[in-house]
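*Asks:* Structure in structure tokens, see below.
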Amino acid sequence: MSLLLSLVLAAGAPADFGYVQIPDAAKEAQAAELMAELRCLVCQGQSIHDSDVDMAADMRRIVRQKIAAGEQPQAVRAWLVERYGSYVTYDPPFSWTTAPLWLAPLLLLGAGLWLARGTLKRRRK
Amino acid sequence: MKRWLLWVPLLVFAVLMVIAGSRLLVPPQTVVKSALVGKPLPDFTLAPMVAGKPGVTRADFATGKPRLLNVFASWCVPCIAEAPHLMRLRQAGVEIDGIAIRDTPEAIGAFLARNGDPYARIGSDGQSQVQIGIGSSGVPETFVIDGRGRIAMQHIGDIREEDVPRLLQALEDAR
């Protein structure tokens, strides 16, 4: 009887988005994608999607609540970056600190092409 | 091709190894600072945590006098360690408001009875919504809020004896 009662009560209460998916599958997909690239601030190697720490659940709750309320994932991410800096996302925005990450591969590719060109030229002779 | 060019890859590799090696010696724990330091405290309202003490709202700040906003919990061990230093700050005339994270009135009551009660108000943040809202990533953390309601400083971790003068100075500067 008490079990039944607690089930009825649970059904009546709003879903706890820290542990329960958004009923709308499209929105849940958006939230899941975003949560996978947000850093858990307690266990810093994990995303809030992977972590079982209370704080990660609290962050998932905020993300799902905002997305369920119709916010865009980009806006939710910006909201968190505004509070924690770009360290909170695994997909940091382009800035002077992250520029080498993006530019180094291009520079290395250029250097490789230049080296290859020199070698090929010599072979042809 | 010039002969010295042959050494360039080895040199680049050596530099990378030195960078990687020196990072290995640095402890991996990274504190995440709030990006809201220097900005106004966001709007929030927290219900009272214990009977006989009001909750905390944004309106309690920006009253012309700087205050400390202490994020704590009864289940947090460093919070016990910083309690005597918060009491000292209180005795020095500092006004302190608390945000209790994921806690119960009974546990907070017992915590205050055991470790002293420096708080003018204590708000209950059962799901860390306000904690995340102000860019705090753990307990304990202490924010200096200036008289205009702006976050002047964030202290991460427990307040130790040597932090007390620093916090008093920050409160003085935030006047």
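*Asks:* Quickly run through the range B:56-99 and pick out the residues that are over 17 Å from residue B:161 (Cα atoms) and of a type outside the set (A, V, I, L, M, F, W, C).
*Replies:* B:57, B:58, B:60, B:63, B:64, B:65, B:66, B:67, B:74, B:95, B:97, B:98
*Asks:* I'd like the full set of residues that are surrounded by fewer than 17 Cβ atoms within 10 Å (Cβ to Cβ) and polar (S, T, N, Q), limited to the range A:30-75.
*Replies:* Correct list: A:44, A:46, A:72, A:74.
*Asks:* Whether any residue in the range B:62-70 is aliphatic (A, V, I, L, M), within 14 Å of chain A (Cβ to nearest Cβ) and under 30 Å from residue A:38 (Cα atoms) is what I want to check.
*Replies:* No, the range B:62-70 has no match at all.
*Asks:* Restricting to the range B:141-150, and then to whatever is among the hydrophobic types (A, V, I, L, M, F, W, C) and away from chain A (no Cβ under 14 Å), can you tell me which residue is surrounded by the fewest Cβ atoms within 10 Å (Cβ to Cβ)?
*Replies:* B:144
*Asks:* From (1) exposed (fewer than 10 other Cβ atoms within 10 Å of the Cβ); (2) within 22 Å of the chain's Cα centre (by Cα), pick out the condition that doesn't hold for residue B:23.
*Replies:* Unmet for residue B:23, out of (1) exposed (fewer than 10 other Cβ atoms within 10 Å of the Cβ); (2) within 22 Å of the chain's Cα centre (by Cα): (2).
*Asks:* Counting only residues that are closer than 19 Å to residue B:31 by Cβ, give me the strands (runs of 3 or more DSSP E) lying completely in the range B:99-175 with at least 2 of them.
*Replies:* Qualifying strands (runs of 3 or more DSSP E): B:141-145, B:151-156.
*Asks:* Can you name the residue in the range A:76-91 that is surrounded by fewer than 19 Cβ atoms within 10 Å (Cβ to Cβ) and under 20 Å from residue A:32 (Cβ atoms) and is also farthest from the other protein chains (Cβ to nearest Cβ) among such residues?
*Replies:* A:91
*Asks:* Condition (residue is within 12 Å of another protein chain (Cβ to nearest Cβ), farther than 30 Å from residue B:113 by Cα and in contact with a helix residue (DSSP H, G or I) (Cβ under 9 Å, 6 or more places away or on another chain)) applied to the range B:11-21: is it met by at least one residue?
*Replies:* no
Per-residue answers, yes or no, for (1) modelled with pLDDT under 90; (2) outside any helix (DSSP H, G or I); (3) assigned by TED's automatic domain parsing to the domain that holds residue A:25; (4) over 19 Å from the mean Cα position of the chain (by Cα):
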residue	(1), (2), (3), (4)
A:63	no, no, yes, no
A:82	no, no, yes, no
A:102	yes, no, no, no
A:114	no, no, no, yes
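*Asks:* Now a separate question. Just to verify a result, which residue in the range A:39-61, among those that are hydrophobic (A, V, I, L, M, F, W, C) and assigned to a loop (DSSP other than H, G, I, E, B), is nearest to the chain's Cα centre (by Cα)?
*Replies:* The extreme case among them is A:48.
*Asks:* Let me ask another. Test residue B:102 against the criterion of being surrounded by 15 or more Cβ atoms within 10 Å (Cβ to Cβ) and either touching a Pro at 6+ places or on another chain (Cβ under 6 Å) or more than 21 Å from residue B:57 (Cβ to Cβ) (or both), and give yes or no.
*Replies:* The answer is no for residue B:102.
*Asks:* Now for a separate question. Can you find a residue in the range B:70-80 that is under 12 Å from the mean Cα position of the chain (by Cα), within 24 Å of residue A:82 (Cα to Cα) and without any contact (Cβ under 8 Å) to a residue 60 or more places away in the chain?
*Replies:* No.
*Asks:* Checking residue A:95 against (1) in a helix (DSSP H, G or I); (2) within 14 Å of chain B (Cβ to nearest Cβ); (3) more than 27 Å from residue B:157 (Cβ to Cβ); (4) among the small types (Gly, Ala, Ser), which test does it fail?
*Replies:* Looking at each condition in turn, residue A:95 falls short on (1).
*Asks:* How about the range B:61-86: which of its residues are crowded, with 21+ Cβ neighbours inside 10 Å and under 10 Å from residue B:145 (Cβ atoms)?
*Replies:* Residues satisfying the conditions are B:61, B:66, B:67, B:68, B:69.
The rows are residues; the columns are (1) touching a residue at least 60 places away in the same chain (Cβ under 8 Å); (2) away from chain A (no Cβ under 14 Å); (3) farther than 23 Å from residue A:83 by Cβ; (4) surrounded by fewer than 20 Cβ atoms within 10 Å (Cβ to Cβ).
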residue: B:109; (1), (2), (3), (4): no, yes, yes, yes
residue: B:116; (1), (2), (3), (4): no, yes, yes, yes
residue: B:126; (1), (2), (3), (4): no, no, no, yes
residue: B:132; (1), (2), (3), (4): no, no, no, no
residue: B:139; (1), (2), (3), (4): yes, no, no, no
residue: B:152; (1), (2), (3), (4): yes, yes, no, yes
residue: B:158; (1), (2), (3), (4): yes, yes, no, no
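The values are calculated or read from the model by the stated rules, or taken from the named source; none is laboratory data. What you are looking at is a predicted structure, and each value in this text was computed from that prediction instead of being measured. Because the Cβ atoms are built from the backbone with ideal geometry, glycine has one as well, and the counts that use them run over all protein chains shown.
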